[in-house]
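Data block below; observations after.
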């Protein structure tokens, strides 16, 4: 019984540490005439290109696709600006909830679905933020599931012999 508890605890610890994200996938979509639609990747631990305290943080992005851009960075608004993000050239400014927390020098991003409104054309849109685990995270999760399965299999065999 003691070995089972230790095995399950070890597996749970490995599974919990394996869920760290390496990249965040962003997708913004609007509907209607003149709607913008684009997606890009960003590190889950980004290094800002620039930031202004209480104003905004400019972060590098990659793999841009869509009907606007491409852009190599996005400006994320601070809470005081009541904004979500804008393209570096200011062509598309989207207002909505602040998606990042932490400090402006070291932002962290929430995952989920966030409503937004494009100031340029007045259309409503949706920003979806998804976390993608690093390969090392996947390996840790697989090891955790293997350890859990091994522990449960040993437990069943021991019960069958009693």
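FYI, it's all coordinate maths here, none of it is from the lab. Note that the structure is a prediction, hence the values are computed from the model and not measured. Methodologically, a virtual Cβ is constructed for each residue, glycine included, from the backbone with ideal geometry; neighbour enumeration extends over all protein chains shown.
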quick shape note, segment 21-133: Cα extents on principal axes in Å, largest first -> 37, 31, 23
Neighbour-count ranking for 132, 93 (other C-beta within 10 angstrom, fewest to most) reads 132, 93
Simple SL model, points at 7 angstrom along Cα→Cβ for residue 142 and residue 130; separation in nm is 2.1
Here the FRET efficiency for residue 65 versus residue 152, based on Cβ atoms and R0 = 45 Å and rounded to 0.05, is 0.55
From fewest to most C-beta neighbours within 10 Å, the residues 24, 148, 49 line up as 49, 148, 24
Rounded to one decimal in nm, the spacing of the 7 Å Cα→Cβ label points at residue 113 and residue 25 is 1.5
Per the 1/(1 + (r/R0)^6) rule, R0 = 30 Å and r from the Cβ atoms of residue 105 and residue 72, FRET efficiency to 0.05 is 0.90
Taking 141, 84 and counting other beta carbon atoms within 10 angstrom, the fewest-first order is 141, 84
